[in-house]
1. Could you work out the Rg to Rh ratio of the stretch 178-219, with Rh taken as the Kirkwood radius (inverse of the mean 1/r over all Cα pairs)?
2. Longer than 26 Å from Cα to Cα, which of LYS113/LYS223; LYS152/LYS217; LYS103/LYS210; LYS19/LYS122; LYS19/LYS242; LYS76/LYS210 are they? Say none if no pair is.
3. Please give the contour-minus-distance gain from PHE243 to LYS165: 0.36 nm per residue of separation, less the Cα-Cα distance, rounded to one decimal in nm.
4. Using packing as a proxy for protection, rank 113-122, 51-60, 158-167 so that the peptide with the highest average count of other Cβ atoms within 10 Å comes first.
5. To the nearest µm²/s, what D does Stokes-Einstein give for the stretch 48-106 at 20 °C and 1.002 mPa s, using the Kirkwood radius over alpha carbon pairs as Rh?
6. Report D for the stretch 172-258 in µm² per second (integer): Stokes-Einstein, Kirkwood Rh on Cα pairs, 4 °C, 1.567 mPa s.
7. DSSP beta bridges in the stretch 1-115, what fraction antiparallel, as a percent rounded to 5?
8. When every alpha-carbon pair in the stretch 80-188 is counted, what percent end up more than 15 Å apart?
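Each reported figure results from applying straightforward, stated rules to the coordinates on display, with no laboratory input. Since the structure is predicted, the reported quantities are computational estimates derived from the model, not experimental observations. Backbone-built Cβ (ideal geometry, glycine too); neighbour counts: all protein chains shown.
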Amino acid sequence: MACCPADSTPYLAADYAAKGVVLSEGGVEMYQSPAKPDNPKNAVVLFSDVWGWNGGRTRAIADFVAELGYLVVVPKMLTPAYEGGTDGDALSPTSEFSMDWIKGFPYDVQRPKVAAVMAYVKAQGASSIGVLGFCYGGHPACWASKESDLVKCGVVCHPSMQLEKFAFGGDLIALTKSVQAPFLIAPAGNDLALFGEGTEFAEALLGSSKGSECVIKQYAEMKHGWVPRGDLSDEAVARDVKFVMADMAAFLAKYLPN
């Protein structure tokens, strides 16, 4: 099974004038949004989709979250990139998804990158962390919550955590049960068979240690990828991007208050 289901939202070129800076810490490049508060209490790490740290609206979303008062970073996770990648990360704009390529990124490979990012935000003063994940990014978001109690909440839009099973040979349900923080999951219509209400995934999430605080909010009219890549000239897409961003902000405010 691929990362993105059939009929997903295609690649979208970034046309946003990002306001932040690119830096490198612990051998990991990352984009840091500009509205860095002095001595930040809380940080948000955004794990991007299969077009990487500078695809679609990824940096625009990061800057939006930073304006809520968080230190926000977007690490460059999917390197070595495939066929040159997008800004050196993940897939190139013309690439077809490659299962052989994504299999090179089990969490054992990604763990040192996540550790470097966590160390960086902690060094800036953050003692609590939220994780955001789009598509592939839901996978490291869940693992980060499993392994660190500094992660206080997570939001995953159009998830692709099935990679744990189909690409990395792991146990998706065991991973889901092991998250230590409340998660908001926002599946699109073509994600519902795996991640919608009543699925084995949903039961596992609700059975996690923070399951009573977890939320699955379905966006059945949307296609996988709509949040950073959907066409905002489409009224329904613009509406649901607005809704999910509001949901994200409210969830962060509840579990990662400034």
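1. Working: Rg = 9.6 Å, Rh = 10.1 Å.
Computed over Cα atoms, the ratio is 0.95.
2. Working: LYS113/LYS223 29 Å; LYS152/LYS217 19 Å; LYS103/LYS210 30 Å; LYS19/LYS122 22 Å; LYS19/LYS242 21 Å; LYS76/LYS210 29 Å.
Violating the 26 Å limit, Cα to Cα: LYS113/LYS223; LYS103/LYS210; LYS76/LYS210.
3. On the way: separation 78, 0.36 × 78 = 28.08 nm, distance 3.04 nm.
Full extension of this stretch gives 25.0 nm more.
4. Details: 113-122: 19.7, 51-60: 25.3, 158-167: 23.2.
So the order, starting with the most tightly packed, is 51-60, 158-167, 113-122.
5. On the way: Rh = 12.0 Å.
Translational diffusion coefficient: 178 µm²/s.
6. Details: Rh = 13.7 Å.
Estimated diffusion coefficient is 95 µm²/s.
7. On the way: 9 of 12 bridges.
Bridges in the stretch 1-115 are about 75 percent antiparallel.
8. Details: 3896 of 5886 pairs.
Every Cα pair in the stretch 80-188 considered, those over 15 Å come to 66 percent.
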